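Step one of this worksheet: look at the structure below.
All of the numbers you see were taken from the coordinates with simple rules; none came from a lab. Values in this document were obtained by computation on a predicted structure and should not be read as measured data. Here the Cβ positions follow ideal geometry from the backbone for every residue, glycine too, while neighbour counts run over all protein chains shown.
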Amino acid sequence: MKEKIVDRILKLFEVKSLVTVGLTVCMALLLFGPYEPPAEALGLFCTSYGAIITYFFTRKEG
């Protein structure tokens, strides 16, 4: 039981998870925060966010 919990905690610290959580937090702050970024910067970030998330979740392991 403890091994299962430890394995799940270690998986949270993988690069894929850290990047996903970090980008999602940034996206939420840009969309719902009191910020007014330029439309070009917001579009570039949204495109990059989608590309990175798609890469991580469609990549074959191994």
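Computing FRET efficiency as 1/(1 + (r/R0)^6) for VAL6 and ALA28, where r is the C-beta to C-beta distance and R0 is 30 Å, gives about 0.55.
Hydropathy first: keep DSSP H helices in the chain averaging at least -0.5 on Kyte-Doolittle, then drop any whose Cα extent along the axis falls short of 18 Å, and list what survives.
On the way: long enough: 15-32 (25 Å, 2.13); 39-58 (28 Å, 1.16).
Taking the DSSP H segments of the chain (at least 18 Å long, mean hydropathy at least -0.5), we get 15-32, 39-58.
Sparsely packed loop sites in the chain (the trypsin sites (Lys or Arg not before Pro) outside DSSP H, G, I, E and B with at most 15 other Cβ atoms within 10 Å) comprise ARG59, LYS60. Give the separation of the Cα centroids, segment 18-34 to segment 41-62, in Å. Using only Cα atoms to place each centre, the spacing works out to 13 Å.
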